[in-house]
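Note sheet for the following structure.
The values are calculated or read from the model by the stated rules, or taken from the named source; none is laboratory data. All of these numbers come straight from a predicted model, not from anything done at the bench. Cβ: placed from backbone, ideal geometry, glycine included. Neighbour counts: every protein chain shown.
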Amino acid sequence: MTFRNRLQYLLVKKLQVSNRQALQIILSGHVLINGNAVKTNVELSRTDEVIYNNEVLRRGKRLVHVAFYKPRGIETTLNAAIPHNLKNILPFEEELFPVGRLDKESEGLLLLTNDGTLYDKVLRNENKTEKEYIVTVDKEIDGYFLKTMAGGIKIMGKTTLPCTIEKLDAFTFRITLVQGLNRQIRRMCYKLHYEVLKLMRVRIGTLELGDLQPGEYKVLEGFQP
């Protein structure tokens, strides 16, 4: 909690008054937060709207969280200069940004938000948050492949953390990581002389892809990672 998050600081900044005058304004009961009069120097949240004498001093920020099925062939970037970017296919008025990424040839679950606090929280916990993928490779999966993938493989100068892996059929496996190295699964498979033909993320923490289809999205109400 900091002074900058307090109502008094907002009044000083917006009304160009002293700290004492701002406090008197608060005590007058003429300040409304989300339509309710307040008489204390409360801490403001990002979603709070503040009105004084019918003037909107701050509009509450509408926080948006979206589960999006990123299609294969789309870059996880908002840079409009890069072909096949997210910005060209997202229908939202809000400026949403992806939390984490999927490489261009991968598909599946992508979390989009305009909530910087959530973004920081997810990235801070990146090596604790489970991410689950369904992967198809170019040749039959054997016991050595499963054991080696699960135990960790040295890529880019470091050994990957142990992970959970399950064979689904001769060419397909489910893998759950708590790590997010660049193109990690593809590099791990390559080290064992397998080529990834399809890679789909189906879960991030408790958030699941569900029945979303490529290009579809679902707005998440009250989402907590």
Next item on the list: Show the residue pairs that are 6+ apart or on different chains and have beta-carbon atoms under 9 Å apart, the first residue being within the stretch 70-83 and in contact (Cβ under 8 Å) with a residue 60 or more places away in the chain, the second being part of a loop (DSSP other than H, G, I, E, B) and of a type in the set (D, E, K, R).
Entry: ARG72/LYS104; ARG72/GLU105
Notebook entry, point to check: Here are LYS39, LYS128, LYS121: which of them is modelled with pLDDT under 85, over 26 Å from LYS167 (Cα atoms) and either out of contact with any Ser or Thr (no Cβ under 8 Å at 6 or more places or on another chain) or of a type in the set (Lys, Arg) (or both)?
Noted result: LYS121
Check: Do we have ARG101 as modelled with pLDDT under 90 and either of a type outside the set (D, E, K, R) or in the same structural domain as PHE173 (by TED's automatic domain parsing) (or both) here?
Finding: yes
Notebook entry, point to check: From the list ARG62, ARG72, ARG46, ARG4, which residue is within 30 Å of PHE223 (Cα to Cα), surrounded by 15 or more Cβ atoms within 10 Å (Cβ to Cβ) and charged (D, E, K, R)?
Noted result: ARG72
Margin query: Take the conditions under 28 Å from ASN5 (Cα atoms), in contact (Cβ under 8 Å) with a residue 12 or more places away in the chain and not hydroxyl-bearing (Ser, Thr, Tyr) and apply them to GLU55. Does it pass?
Written below: no
Next item on the list: Could you tell me which of the residues ASN85, ASN54, ASN79 is more than 14 Å from the chain's Cα centre (by Cα), not assigned by TED's automatic domain parsing to the domain that holds VAL196 and not charged (D, E, K, R)?
Entry: ASN54
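Residues checked against (1) surrounded by 13 or more Cβ atoms within 10 Å (Cβ to Cβ); (2) touching a Leu at 6+ places or on another chain (Cβ under 7 Å); (3) under 30 Å from THR47 (Cβ atoms); (4) among the aliphatic types (A, V, I, L, M):
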{"site": "THR136", "(1), (2), (3), (4)": "yes, yes, no, no"}
{"site": "ALA150", "(1), (2), (3), (4)": "yes, no, no, yes"}
{"site": "THR172", "(1), (2), (3), (4)": "yes, no, no, no"}
{"site": "MET188", "(1), (2), (3), (4)": "yes, no, no, yes"}
{"site": "TYR194", "(1), (2), (3), (4)": "yes, no, no, no"}
{"site": "MET200", "(1), (2), (3), (4)": "yes, no, no, yes"}
{"site": "LEU220", "(1), (2), (3), (4)": "yes, no, yes, yes"}
Check: Going by the conditions given, is LEU11 buried (at least 16 other Cβ atoms within 10 Å of the Cβ), part of a strand (DSSP E or B) and not assigned by TED's automatic domain parsing to the domain that holds LEU212?
Finding: no
Notebook entry, point to check: When both residues are 6+ apart or on different chains and their Cβ atoms are under 8 Å apart, which pairs have a first residue that lies in the stretch 24-40 and is farther than 13 Å from LEU11 by Cα and outside the structural domain of VAL12 (by TED's automatic domain parsing), and a second that is at pLDDT 90 or above and of a type in the set (Ser, Thr, Tyr)?
Noted result: none
